[in-house]
Protein chains: 4
Amino acid sequence: MYTRTVRLQDTDAAGVVYFTSALDICHEAFEDSLMGSGVDIRTFFSNPDTATPIIHADIDFLKPSFCGDQLTLQLSTHQLAEDEFEVRYNITAVNKGERLIAKATIRHVCINPINRQRQPLPAELVTWIQRWSLAMS
Amino acid sequence: MYTRTVRLQDTDAAGVVYFTSALDICHEAFEDSLMGSGVDIRTFFSNPDTATPIIHADIDFLKPSFCGDQLTLQLSTHQLAEDEFEVRYNITAVNKGERLIAKATIRHVCINPINRQRQPLPAELVTWIQRWSLAMS
Amino acid sequence: MYTRTVRLQDTDAAGVVYFTSALDICHEAFEDSLMGSGVDIRTFFSNPDTATPIIHADIDFLKPSFCGDQLTLQLSTHQLAEDEFEVRYNITAVNKGERLIAKATIRHVCINPINRQRQPLPAELVTWIQRWSLAMS
Amino acid sequence: MYTRTVRLQDTDAAGVVYFTSALDICHEAFEDSLMGSGVDIRTFFSNPDTATPIIHADIDFLKPSFCGDQLTLQLSTHQLAEDEFEVRYNITAVNKGERLIAKATIRHVCINPINRQRQPLPAELVTWIQRWSLAMS
């Protein structure tokens, strides 16, 4: 579980959280969860042998969110193939009775960053996926 | 049609465009298209009577994009109800033989920003939607 | 004191923290400190009677910072006039022996957001400034 | 000269341009100017032999700026040493009678990105600096 306060910069002149900021916060929760499983994210995201670019992202907004809101993100993982996985995110506002604010899905593939061909997920990622695969079931 | 060079800030330490930056660029194309139809975007996005928050966004990435790429965005509009519309975006890289980089959809509803109840789309928006509704058909 | 992990999105294709991300993180520390003193930041940043726009910001970088770094920010406040104050920030990397990464200063004025004329700082802000005015001395 | 419309994402819930967005726009003008002199910015910003990280940035805001404003940036360059240069930026709003909105300075050093030791500026950068060194004088 990842908690995050909505910052002024997450908002726009319409007064609410800008739509891509919500997806940014999902990726923060992904990085936070990897770190919590002992993954060195500096190495992970600039590894010359393995990259996990995003091939799909979607988000549905149920309620608006404002500067100062205390958000909580829960994630669940799903391995879709030996070279592909997705992470689903539920974003709730703690200061609004745990109301669900948004739901998002981000799908990644594993590639060799030099030739950009698909390859199996590295072991540390498979371990992490298994750990969180039942999280929201 | 909106053209945009990929900037250093759009990229991350993995060397490619960060996934939410691609959605940010779609929204830039939306704003640019509104301005091209004579909409005053300062008033449009902070109008006390009408707001058009995003309820859904999705994006699929077909090819990676890098700093300096010359992107072109084409959009097509679809009115889904009297209070709802979506915009579809095709992002191509001019410097890569017009190759399709990503496809995105962003869906908006029209609300009263005070009570946040749905209301019909304003006339200037309906005009804009009709103008671009066949753009990519 | 505010702690913050460097995220993938804070970095760019050169592999280090993008320069404006460091200033963004300073503003996060400002918001966090205000909240810690009981200020409701949603109201504070969209108050129709009082706004505190930034008139100056500067930052000096001493060491590079990378994805995954654990940053700590210490701030000290300085009231410069009845309608003006500045906040100084020291950013250190906990995972690098508390090494100083950057130093920044952000100066704000207090205005009426309607006519944009200067006016004295509100009481809750003066209290907060006094509380942190000796923090790094 | 670089022109840029203020986007919704550049603004925050206070309704004006977020302070770091103005510095982001300065860096866009820097990248645009380099491209205009034939520099390949993808190679330039991820060159394994040469990097030009920012060691200092400052900005002063004279007037607020809002969503939809048409900004124009003029830059002038100053080589400070064989391994150091700065760029000064004047930001004006075309739609407000060319009024000066902000002034910024960004200082870069040239280093070897592997050992992070200083080294002389590359020839293409020296040529670019000379070309723009009298621009605003």
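For the reader, a short list of remarks on this structure follows.
- Of the listed requirements (1) buried (at least 22 other Cβ atoms within 10 Å of the Cβ); (2) among the β-branched types (Val, Ile, Thr); (3) under 28 Å from residue D:62 (Cβ atoms), residue C:6 misses just one: (3).
- Unique match (being buried (at least 21 other Cβ atoms within 10 Å of the Cβ) and more than 19 Å from residue A:23 (Cα to Cα)) among B:51, B:104, B:93, B:81: B:51
- Test: residue in the range A:57-79 that is out of contact with any strand residue (DSSP E or B) (no Cβ under 8 Å at 6 or more places or on another chain) and within 14 Å of chain B (Cβ to nearest Cβ): no
- Test: residue in the range D:11-18 that is within 16 Å of residue D:121 (Cβ to Cβ) and touching a residue at least 12 places away in the same chain (Cβ under 8 Å): no
- Selection within the range A:61-78 - surrounded by 17 or more Cβ atoms within 10 Å (Cβ to Cβ) and of a type in the set (D, E, K, R): A:69
- Matching residues in the range A:85-130 - criterion: being on the phi > 0 side of the Ramachandran plot and not small (Gly, Ala, Ser): A:98, A:116
- Number of residues in the range B:1-32 that are at the interface with another protein chain (Cβ under 7 Å from one of its Cβ atoms), farther than 25 Å from residue D:39 by Cα and among the aromatic types (Phe, Trp, Tyr) equals 1.
- Residues in the range A:109-120 that are crowded, with 16+ Cβ neighbours inside 10 Å and either of a type in the set (Val, Ile, Thr) or closer than 17 Å to residue A:39 by Cα (or both): A:109, A:110, A:111.
- Long-range neighbours under 6 Å by Cβ, at least six apart or interchain, first residue within 12 Å of chain B (Cβ to nearest Cβ) within the range D:33-52, second surrounded by fewer than 18 Cβ atoms within 10 Å (Cβ to Cβ) and in a helix (DSSP H, G or I): D:39/D:124; D:41/D:35
- Verdict on residue A:123 being buried (at least 16 other Cβ atoms within 10 Å of the Cβ) and among the small types (Gly, Ala, Ser): no
- Residues in the range C:60-78 that are under 14 Å from residue C:21 (Cα atoms), among the aliphatic types (A, V, I, L, M) and over 11 Å from the mean Cα position of the chain (by Cα): C:71 alone.
Taken together, the values in this text are just the output of simple stated rules run on the coordinates, not laboratory data. Only a predicted model underlies this, so the values are computations on that prediction, with no experimental measurement involved. We place every Cβ from the backbone using ideal geometry, glycine too, and count neighbours over all the protein chains shown.
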